[in-house]
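Notes to accompany the following structure.
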Amino acid sequence: MQNWVKKLQANGGTNPKYGLEIANKKLSKLNDTNPKYVILFTDGEPTGDGSSANTWSTPAQQNAENEASAIKTAGMTVYTIGFALTDKASTFLSGGTYSGEKYPGIASPGCAFEVDDMDGLMEIFKAIQSTI
């Protein structure tokens, strides 16, 4: 498994709204009182559909922020795990200000993680597991 993960490479666009939207729809259908969690694993900036994979897409950013807000408003917890992020992408996921622009954050408070290798990823999943 570790060798398979090490061979992964990013390509195309990053549109976090899609994964968040699917998670929201599936978890919202559950009629139980158990806590609900979403984990968004991403390799970078919201670039949209991939037509310009290296260009930040404000619509993709805003769509992801809106979907994450809906999930959190519904009482679910959103974890983000970012792989090899830029400072701007890190701020987009965790929330805060970057170059004078305010980002609400995709992750729930205290639930944004960053990783650069397999060992770090394993530690993050252990940390998440211990809190849920």
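Assorted remarks:
- DSSP-loop chymotrypsin sites (Phe, Trp or Tyr not before Pro) across the range 55-88, with at most 11 other Cβ within 10 angstrom: none
- Using θ = phi - 60° and Karplus 6.51 cos²θ - 1.76 cosθ + 1.60, couplings along the range 67-82 (whole Hz; Gly, Pro as x): 5, 4, 4, 4, 4, 5, 5, 6, x, 8, 9, 10, 9, 10, 10, x
- Full-stretch length increase - D43, K126 - with 0.36 nm per residue and alpha-carbon distance subtracted: 27.9 nm
- Amide H contacts of L40: Y79, T80, I81, each under 5 Å away and 5 or more positions distant or on a separate chain (H built 1.01 Å from N in the peptide plane; Pro and chain starts excluded).
- Per DSSP, loop chymotrypsin sites (Phe, Trp or Tyr not before Pro) in the range 96-132 with at most 14 further Cβ within 10 Å: none
- Residues whose amide H comes within less than 5 Å of that of E114, counting only those at least five positions distant or on another chain, are G82 (H built at 1.01 Å from N in the peptide plane).
- Inter-centroid distance (Cα atoms) of the range 94-117 relative to the range 58-84, Å: 10
- For N34 and N54, the difference between the fully extended length at 0.36 nm per residue and the C-alpha to C-alpha distance is 3.3 nm.
- Excluding exposed DSSP-loop trypsin sites (Lys or Arg not before Pro) (at most 14 other C-beta within 10 Å), longest clean stretch of the chain: 30-132
Each reported figure results from applying straightforward, stated rules to the coordinates on display, with no laboratory input. Since this is a predicted model, take the numbers as computed values, not measurements. Glycine gets a Cβ as well: all are built from the backbone with ideal geometry, and neighbour counts include every protein chain shown.
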